[in-house]
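Below is one structure, written out as structure tokens; comments come after it.
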Amino acid sequence: MFRNTTVWSVPSVLSFVFAASLLLAQQQPASSAHNEVVIKNAIVMTVTHGNIKNGSIYIKDGKIAAVGETVDAPSSATVIDAGGKYLTPGIVDSHSHLALDDDVNEATSPVTPQMMMQDAFDYQDKAIYHALAGGVTTSLLLHGSANMIGGQAIVIKHKYGAGRDAMLFPGAPRSIKFASGENPKRVYGSRNELPSTRMGNFAMQRDALVQAQDYMRSWDEYNAKVKRGDKDATAPKRDLKLEALADVLRGKLMVQIHCYRADEFLTEIAMAKEFGYHIRAFHHALEAYKVPERLAAENIGIATFADWWGYKQEAWDAIPWNAVMAMRKGVRVAIKSDSNDFARRLNQEAAKTMRYGGATEEEALKMITLNAAWIVGVDDKVGSIEVGKDADLVIWDGYPLSSSAVPNKVLIDGDVYFDRALPGYGMPHYSEGQ
């Protein structure tokens, strides 16, 4: 089964899709219907229940309906024979900036929580397809790190060729990006503006949160008056920046923080306690190995690199054992890309933790599936092969935690979006109005 039936040669696809996709018209919209599918003869790496050596998966209506050595499926179901190859959940990239072009930062103010990355999302960016070809099915697209408090992220599924709205992950929780350390220091310090020091960073963050508390209080007082029947009550002036920060304080926005140093983890944790919100994850987190017990106690995950180090002062104390050392102390650890290039090889990045620290096969795989999905807030829908979860799956041509394996097929919600066996790898074209 292949969702997009039109086949193009590689040269024509590259010129036609990438250069002229905005001008395409008169194509038929892609069907939203899901056929029943069975994937058989696979080494199923479930992530949560071990491996099934000769396993099958039954997919119905885009969901995993059954998994095991045998499955009960109708004879009319489309059959995909994995040929004894490995089958994994789709990879989840818990820190990405692909498809955001130069709009990833709003560097005109250190506090911009009202910015929406959905407004910058270029659904036709070929980087979405490149990551898909590497097995990535879900990505958290974050604001950049120029701001102490940046904008709100979006979560996408890599349904390359579908419409913009079809790529948005249904029901994914909202996240916001904070950033401490060198990046906001460098951006505003170069202009002799606040914040130009770490003290300035946290002063700006604390001041913004105090403003949000005052804003919440003014609206709470107004709503109380309205509830009492006070017809003279005057509504406070709406402020989109403070509304977003109020949602942080209310727990409606998951806080994802770009942060490298152990001392800054502790400062961010203290500030979260002071203002009553929870930190979902520290991103980059290269010094997590210094304070893993504190992160675990606060149920804070990390989205980190496998072995990047030394590219700035904050990264000098990085070690490739960081991920496993933190994991052994109870921290949920994800390996993320932060790079369009790394996004295509996250399976290899996760495999490095087996070399550096002795992560097991399942632990390494979790770092790019279930743990990453938890950081994004979608682990109830993706990240493992379990009944009821979305049928986001990858069939590999070899052992996935190796330096040579590449995906043969990638399915999202039960539909094949990448097929290496087809001309042009089955690259889709765009539908009218999308």
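Observations
- Residue count for segment 225-273 under the criterion of being without any contact (Cβ under 8 Å) to a residue 12 or more places away in the chain and of a type in the set (D, E, K, R): the result is 10.
- Qualifying residue in segment 306-320 (condition: of a type in the set (Lys, Arg), within 20 Å of Ala179 (Cβ to Cβ), more than 23 Å from the chain's Cα centre (by Cα) and assigned to a loop (DSSP other than H, G, I, E, B)): yes
- For segment 41-86, a tally of residues being part of a strand (DSSP E or B) and under 30 Å from Phe282 (Cα atoms) returns 1.
- Residues that are farther than 21 Å from Ile128 by Cβ and without any contact (Cβ under 8 Å) to a residue 24 or more places away in the chain were ranked within segment 162-192; the one that is surrounded by the fewest Cβ atoms within 10 Å (Cβ to Cβ) is Asn192.
Residue-wise test of (1) out of contact with any Pro (no Cβ under 9 Å at 6 or more places or on another chain); (2) outside any loop (DSSP other than H, G, I, E, B); (3) modelled with pLDDT under 95.
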{"position": "Asn147", "(1), (2), (3)": "no, no, no"}
{"position": "Pro170", "(1), (2), (3)": "yes, no, no"}
{"position": "Met199", "(1), (2), (3)": "yes, yes, no"}
{"position": "Met204", "(1), (2), (3)": "no, yes, no"}
{"position": "Asp207", "(1), (2), (3)": "yes, yes, no"}
{"position": "Asp214", "(1), (2), (3)": "yes, yes, no"}
{"position": "Asp220", "(1), (2), (3)": "yes, yes, no"}
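- Test: Ala318 is out of contact with any Lys or Arg (no Cβ under 9 Å at 6 or more places or on another chain), among the small types (Gly, Ala, Ser) and buried (at least 16 other Cβ atoms within 10 Å of the Cβ): yes
- Screening Ser337 against (1) of a type in the set (S, T, N, Q); (2) touching a His at 6+ places or on another chain (Cβ under 8 Å); (3) in a helix (DSSP H, G or I) leaves a single unmet condition, (3).
- Just one residue in the set Leu295, Leu286, Leu242, Leu266 is closer than 16 Å to Pro113 by Cα and out of contact with any His (no Cβ under 7 Å at 6 or more places or on another chain); that residue is Leu242.
- Just one of (1) closer than 19 Å to Ile128 by Cβ; (2) modelled with pLDDT of 95 or more fails for Met115. It is (1).
The values are calculated or read from the model by the stated rules, or taken from the named source; none is laboratory data. Quick caveat, the model's predicted, so the values are computed rather than measured. Reconstructed Cβ throughout: ideal geometry from the backbone, glycine too, with neighbour counts over all protein chains shown.
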